[in-house]
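The structure appears below as structure tokens.
Coordinate-derived values only; no laboratory data. These figures come from a predicted structure and were not determined experimentally. Cβ atoms come from the backbone with ideal geometry, glycine included; neighbour counts cover every protein chain shown.
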């Protein structure tokens, strides 16, 4: 397989290079500020070119790729192109086609193609096959309570709270009361947690390098302050450029604690407390975001305000999280006055 630094492989020495028999331009990826976007696009393109080499062996140049090849690939994704031969979700198919279309637009600029073969291909409706596993209010409260209670001894008696539980509570409350993405929270530094006009806010870098400010809930402020106080009591002063959330220990290098948390650690923390309260479904950091959005919608906040709050570029994305049941008695018909 060709080297691709965006998929965690050896860094390329020059560009362009040969990629599954095609000219591969790193310049295209450098245009995206988010490393996650680069990795996602690189993975999508890699899968597409592998599909071409396995199914259309006579294709050797970009100019040879036609609309019919894109349609065949789209149908493959929709039927068996997902994990374990399952269909990809319509939203996933649409995203992959968008990545291809963006790359072919770039190739047209490079005179590698005369036209973009993806442009006229019909995209599936961005429907969600499997709804995000959001929690209800009682489940969120139980999750928080499980952390506050700390560990229990062999007799089932509550023990003094551990350093880990202090960090875990700060993290979990931040996830569920801000609706921020995992990457946005892990990349926070102390300077991003600040006060504006007597209000505590978090500044963050969102998708598409958008800079946002988030007014934080009093519960979140209290949890973060408790965590920072514990850090100070341990002689771990956090400066403006230090990571806000740091590991409580590092077995491989005990002195190196001023670093961001491992993304997998967040999933493990959430999974730990989900099991503790007996949830019978899998949740993730994105479940916290879905819960945040759902709670605001249930509280009557209009969907446009919610979309702005979670930095969605389109309100259609926010609508995917709207799981409220529409009851007949809620019909707007009753508001007619003629």
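Treat the count of other C-beta atoms within 10 Å as a stand-in for reagent exposure and order 25, 73 from fewest to most. Ascending number of Cβ neighbours within 10 Å: 25, 73. The order of 220, 113, going from fewest to most other C-beta atoms within 10 Å of their C-beta, is 113, 220.
Sort the following peptides by mean Cβ neighbour count (other Cβ atoms within 10 Å, averaged over residues), highest first: 233-239, 86-92, 255-261. Each step should come with its number before you reach the end.
Values: 233-239: 11.0, 86-92: 16.7, 255-261: 13.1.
Taking the mean over residues of other Cβ atoms within 10 Å, the ranking is 86-92, 255-261, 233-239.
Cβ-to-Cβ counts within 10 Å put 111, 84 in ascending order as 84, 111, the fewest first.
If we sort 52-60, 183-191, 27-35 on the protection proxy, mean other Cβ atoms within 10 Å, highest first, what's the order?
Going from most to least packed, we get 183-191, 27-35, 52-60.
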